[in-house]
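Written below as structure tokens is the structure these notes are about.
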Amino acid sequence: MAKKIGVAMIGCGGIALANHLPGLALCPQAKVVALCDSNPATLDRAVQQSGVTTTFSDPFEAITHPEVDAVIIATPNVVHAPIAHAAIKAGKHVMSEKPIAMSFPEALGMLKAADQAGVRHLTAFTYRFVPAMRYMSHLVSKGHIGTPYHFRAQRFQDWGDRNLAWRQIKALAATGELGDMLSHRIDFAHLLMGNMTRLVARLRQYVMTRGGQPSDLDDWVSIIADFSSGATGVLESTKLATGRGEGGKSPDVCEVNGSEGTLVYQVGRPNEIQVGRKGGSGLEIVAVPEEFLKVPGSPRDVRSGDPVVTFRYDQNFEFIDAIANDRPASPSFADGARCQAVMDAAVRSDAEKKWVDVPVV
Ligand SMILES: NC(=O)c1ccc[n+]([C@@H]2O[C@H](COP(=O)([O-])OP(=O)(O)OC[C@H]3O[C@@H](n4cnc5c(N)ncnc54)[C@H](O)[C@@H]3O)[C@@H](O)[C@H]2O)c1
């Protein structure tokens, strides 16, 4: 067997433990060779979970470790770009959590640097790996909904006024609900409908103090958009849908309507979609066909574990497989930058109270 791809996990908090370390553990071609976190207690927990004992508190040291071929960045947003640039400069492949950067220019810089260095790059738009989203995107691309009319995405959770740590601080996160939750749905929009060309947006902050600490970021965001395809989109995301729950159990819906049909996705039902047919009287449930239940070649057993959780592991397989086979990974930093262009446009639209053009990536 060829030498394993050595991976450094940088930032070992919630998402590293939930998604990346279990996902990498399933990849026969990958070996986690270093863990890095600035918080010693978090690092210790990751050591216990993974059994990996080479640890760093400084990401820039971890990157240069000779066994490291690739890095996964799962830190607060503010340090994604500097860590990615250091890794790219050292010739290492990079996966970055979303949003990949604090601004569109910063995201574009990451994309350009990675392409110039010839390293593989992936943006962790994890929900692209939901079987239902993979199947929906296939059906749209094959023309099953006819001429696309509308894109709709709703992410409603009840987070109340609890402390969100770095997520409630603009200097560390850049935006609140927009980057945290709506970024994934902006990516769905691009995947299903093509590029957004212009938009008008509103961001609102209702909760000024979270867990006794000040917050300076949006709790609710909404975007109305035009797409290059001629379709329109409406996207809404909130942390303040009181009583609606959170995580996989709270509303996370995406719908497309076209001249020939409608497709509906809900993350809580990852292995089925709802289909509306022209002339039909309502939606019918359609099981996702076997070939869409995982990324081709993924070592994951689709019958094992909770399907609301396990699709996430395909994201790590995609990154490792792209490196092993010297092919582009998807979604890439180009998708991350495209999303960031929309996010920056949304912030500007809200501040200037007007429609804003979205730059082409
Ligand atoms: N793709 C998804 O579905 C998804 C889900 C959750 C979070 N995320 C993203 O993942 C990233 C991390 O989120 P999280 O929920 O795991 O946050 P977290 O706070 O649980 O973990 C972040 C970790 O980074 C560490 N850290 C901070 N600065 C560091 C530095 N300079 N060097 C090394 N370590 C550092 C912290 O100590 C912490 O342990 C964010 O960008 C977030 O938007 C993505």
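The values are calculated or read from the model by the stated rules, or taken from the named source; none is laboratory data. In this text the structure is predicted, and so the values were computed from the model without any measurement. Neighbour counts are summed over all protein chains in view; Cβ atoms, including those assigned to glycine, are modelled from backbone coordinates with ideal geometry. These area figures cover heavy atoms from the full protein model, side chains too; ligands, DNA and RNA do not enter into them. Shrake-Rupley method; radii C 1.70, N 1.55, O 1.52, S 1.80 Å.
Work the Kirkwood hydrodynamic radius out for the chain: mean of 1/r over every pair of different alpha-carbon atoms, inverted, in Å. Please report the intermediate quantities before stating the final value.
On the way: mean 1/r = 0.0480 Å⁻¹.
Taking every pair of different Cα atoms in the chain, averaging 1/r and inverting gives 20.8 Å.
GNM on the chain, C-alpha springs below 10 Å: top fluctuator among GLU255, GLU236, GLU284?
Of GLU255, GLU236, GLU284, the most mobile in the Gaussian network model is GLU284.
With an 8 Å cut-off on Cα pairs and a minimum separation of 6 or more residues, tell me the relative contact order of the chain in percent. Intermediate results must be reported in sequence, preceding the final value.
Values: 813 pairs, mean separation 72.8, N = 361.
Rounded, it is 20 percent for the chain.
Using only the Cα atoms of region 72-134, what semi-axes does the equivalent ellipsoid have when each is the square root of 5 times a gyration tensor eigenvalue? Give whole Å, largest first. Each step should come with its number before you reach the end.
Working: eigenvalues 82, 36, 22 Å².
Working through the eigenvalues yields semi-axes of 20, 14, 11 Å.
Taking region 194-289, which trypsin sites (Lys or Arg not before Pro) meet the DSSP loop condition and have no more than 14 other C-beta atoms within 10 Å? Working shown, then result.
Working: sites: ARG198, ARG202, ARG204, ARG210, LYS239, ARG244, LYS249, ARG277, LYS278; in loops: LYS239, ARG244, LYS278.
Counting only loop positions with at most 14 other Cβ atoms within 10 Å, the trypsin sites (Lys or Arg not before Pro) in region 194-289 are ARG244, LYS278.
Solvent-accessible area per residue for region 122-205 at a 1.4 Å probe radius, Å²? Intermediate results must be reported in sequence, preceding the final value.
Numbers: 2890 Å² over 84 residues.
It amounts to 34 Å² per residue over region 122-205.
Run the numbers on region 137-256 and let me know its relative contact order in percent, using alpha-carbon pairs under 8 Å that are six or more apart. Spell out each step's value before the answer.
Details: 248 pairs, mean separation 49.6, N = 120.
Contact order relative to length: 41 percent.
Quick one: Debye curve from the C-alpha atoms of region 220-361, no solvent, what's log10 I(q)/I(0) at q = 0.10 Å⁻¹?
The Cα Debye sum returns log10 ratios of -0.51.
Hey, what's the per residue convex hull volume over the C-alpha atoms of region 34-104, in cubic angstrom? Let's see the in-between values first.
Values: hull volume 6.0 nm³, N = 71.
Cα-based convex hull of region 34-104, divided per residue, equals 84 Å³.
For region 302-345, what % of the accessible area comes from carbon and sulfur atoms, probe 1.4 Å? Intermediate values should be presented prior to the final figure.
Working: 650 of 1400 Å².
Result for region 302-345: 47 percent of the exposed heavy-atom area is carbon or sulfur.
Taking all protein chains as present, what is the carbon and sulfur share of the accessible area of region 28-150, in % to the nearest whole number, probe 1.4 Å?
Working: 2620 of 5020 Å².
Heavy-atom surface of region 28-150 belonging to carbon and sulfur, 1.4 Å probe: 52 percent.
With charges only on Cβ, +1 for K and R and -1 for D and E, what is the dipole size of region 72-164 about its Cα centre, in debye, rounded to 20?
Values: 11 positive and 5 negative charges, 63 e Å.
In total the dipole reaches around 300 debye.
Measure out, as a whole number of angstrom, how far apart the alpha-carbon centroids of region 150-193 and region 26-105 sit.
Centre-to-centre distance over Cα atoms comes out at 23 Å.
Report, to two decimal places, the Cα Rg of region 187-248 normalised by 2.2 N^0.38 Å (N = number of residues). All intermediate terms of the calculation are to be shown ahead of the outcome.
Numbers: Rg = 14.9 Å, N = 62, 2.2 N^0.38 = 10.6 Å.
Relative to the 2.2 N^0.38 Å estimate, region 187-248 comes out at 1.41.
Looking at the chain as a GNM with Cα springs under 10 Å, which of THR175, THR123, THR197 has the largest mean-square fluctuation?
THR197
Using the structure shown, select from LYS142/LYS239; LYS31/LYS112; LYS239/LYS278 the pairs with a Cα to Cα distance greater than 29 angstrom. Don't skip to the end; give the middle numbers.
Values: LYS142/LYS239 35 Å; LYS31/LYS112 27 Å; LYS239/LYS278 35 Å.
Over 29 Å Cα-Cα: LYS142/LYS239; LYS239/LYS278.
What whole-number value in Å² describes the accessible area per residue of region 208-361 for a 1.4 Å probe? Write out the running numbers ahead of the final one.
Details: 6920 Å² over 154 residues.
Here the residues of region 208-361 average 45 Å² of exposed surface.
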